[in-house]
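Here the structure is laid out as structure tokens; the discussion comes afterwards.
Read the figures in this text as sums done on the coordinates, not as results from a lab. All values derive from a computational prediction rather than experimental measurement. For neighbour counting, all protein chains shown are included, and Cβ atoms are generated from backbone atoms with ideal geometry for every residue, glycine included.
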């Protein structure tokens, strides 16, 4: 049975997305051109623009769906009032790391390509807004754990430090041949110790501030 035009069109679109994902992960977002993506996808340089206006549109098409799923999962944890504040941070951290290890070939693209400041409260760019919402959920969890006033500047500082640690863990295993399941089974205890140690450090900084006031 002959494929319909709609089927052929969808196959071409998926081939373009797959080519973009491969090239972005291998060479980085900035160095790849639309012409190279089209060639890898097996379509013409003009055909690719029927599906995607530019490289940024491709970046969004690749990144927004999986990051939106992560956002929903993290929001469920954040909204669950039966979870203790410290455990909420650990569960959010686990979700984040598991997601990034599952998508480790795209980790730098999902969070680094065309990145802007994580403390922007609003953005006209959907990917920036989504990335920053993920950061803000972690920020909320840290604020609640330490019972800090929402305007306390330490919340942003602590969240940045914690966020650096999460991405550092992921980057360490970005090229590991172990599966996510193998990595987590082997290192779950180490990851949890890292979370708890950093939270203890934040707690100590808060105590120092109180004793010095």
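Below, the figures for the structure above:
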| read-out | value |
| --- | --- |
| Whole-number D in µm²/s for the chain (Stokes-Einstein; Kirkwood sum over Cα pairs; 4 °C, 1.567 mPa s) | 67 |
| Ratio Rg/Rh, restricted to the range 1-52 and using Cα atoms, in which Rh is the Kirkwood radius | 1.03 |
| Overall Cα dimensions of the range 75-163, principal axis frame, Å, largest first | 34, 28, 21 |
| C-alpha long axis of helix 85-102 to longest principal axis of the chain, angle in ° | 30 |
| Helix 5-27 axis, angle to the chain major axis (alpha carbon atoms, nearest 10°) | 50 |
| Gap separating the Cα centres of the range 34-81 and the range 147-213, nearest whole Å | 28 |
| Helix-derived mean residue ellipticity, 222 nm - over the chain, DSSP H n ≥ 4, -39500 (n - 2.57), to 500 | -25000 deg cm²/dmol |
| Tensor-based shape of the range 106-213 (alpha-carbon gyration tensor, a/c under 1.5 rounded, otherwise prolate or oblate) | oblate |
| Order of 98, 161 - criterion: other Cβ atoms within 10 Å of each residue's Cβ, fewest first | 161, 98 |
| Relative contact order [Cα under 8 Å, 6+ residues apart], the chain, whole percent | 19 |
| Cα-based helix-to-principal-axis angle, 126-145 vs the chain, degrees rounded to 10 | 20 |
